[in-house]
Amino acid sequence: MSDKQRKKNALELPTFDPKESAVFATKILSDLQIKCVLIGRLAVWYWLPDPAGHAYTKDLDTAIKKADRQKVIKHLADLKYNIRELTIGGINVYSETDNISVDFIDRYSVDEGDLSRLFEEAIDSATEKENIGEAELYVVSVEHLIAMKISTFERKDEDDVKNLLEYDFVDIKKLREIVDRNIAPIRVKLEQILREVGHPMAHRKKKYY
């Protein structure tokens, strides 16, 4: 296990410049007095100090509360923006003219499952902020980010989790508590990943004879 420390640098933008999207999202949510947090690929860029291994993204992902989704939809509709529903729960707003693409995600979905409680907790607990262009956004905690990514069961997200776990700024005790409170069935997956990366706090499997 590495003893790597996170370096607090300005956010690097290896393949996607989200400045316009960040300003747009901040303005929309400020108008509605709604708190959101930066999640997804840009949050990974924030937490991982080395941009060399950062994967591509084409939009800015934010977490909003389930109760705020309709407020955001109505406000965007009033502003004449095109809105697309996300199957995972939430909406996307895209404008080529304005160079914006933003996902407002609450993760409440009949088809994909209800992770809205995890997202709401992530929003309420977020304290770190990052400047992207002229916008200032809350950033999801690294522990909530890992919980979100484990819950997708996608390979690229699992790779992100393994990369994040290389750094000792991740509080494993806090991470386990977050998973147990919000997505308990996925705790098994978390422990498997901890063992795979050789984390010193991984729970070892017991041998039965």
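Every read-out reported here was derived from the displayed coordinates using simple, explicitly stated rules and does not represent laboratory data. Everything numeric here is computed off the predicted structure, so don't read it as measured data. So basically every Cβ, Gly included, is an ideal-geometry build from the backbone, and we count neighbours across all protein chains shown.
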Original post:
In the calculated pair distance distribution of the chain, what percentage of Cα-Cα distances lie above 32 Å?
Top reply: 16 percent
Subject >> Burial order of peptide ranges 126-133, 62-69 (average beta-carbon count within 10 Å, highest first) >> reply: 62-69, 126-133
Original post:
Between the helical axis of 69-78 and the dominant principal axis of the chain, each derived from Cα atoms, what acute angle in degrees is found, rounded to the nearest 10?
Top reply: 30 degrees
Original post:
For the chain, what's the relative contact order in percent, using C-alpha pairs closer than 8 Å and at least 6 residues apart?
Top reply: 22 percent
Subject >> DSSP beta bridges in segment 15-140 [antiparallel fraction, %, rounded to 5] >> reply: 75 percent
Original post:
P(r) tail for segment 141-209, what percent of Cα pairs lie past 14 Å?
Top reply: 55 percent
**OP:** Could you go through segment 162-174 in sequence order and give the Karplus-derived ³J(HN,Hα) for each residue, using 6.51 cos²θ - 1.76 cosθ + 1.60 with θ = phi - 60°, rounded to whole Hz, and x for Gly and Pro?
**Re:** 4, 5, 5, 6, 6, 10, 7, 7, 7, 8, 5, 4, 5
Original post:
At 222 nm, what helix-only mean residue ellipticity would the chain give, in deg cm²/dmol to the nearest 500, using -39500 (n - 2.57) for each DSSP H run of four or more?
Top reply: -11500 deg cm²/dmol
**OP:** Could you tell me the number of lysine pairs in segment 115-209 with C-alpha atoms less than 15 Å from each other, where the two lysines are 8 or more residues apart or belong to different chains?
**Re:** 5
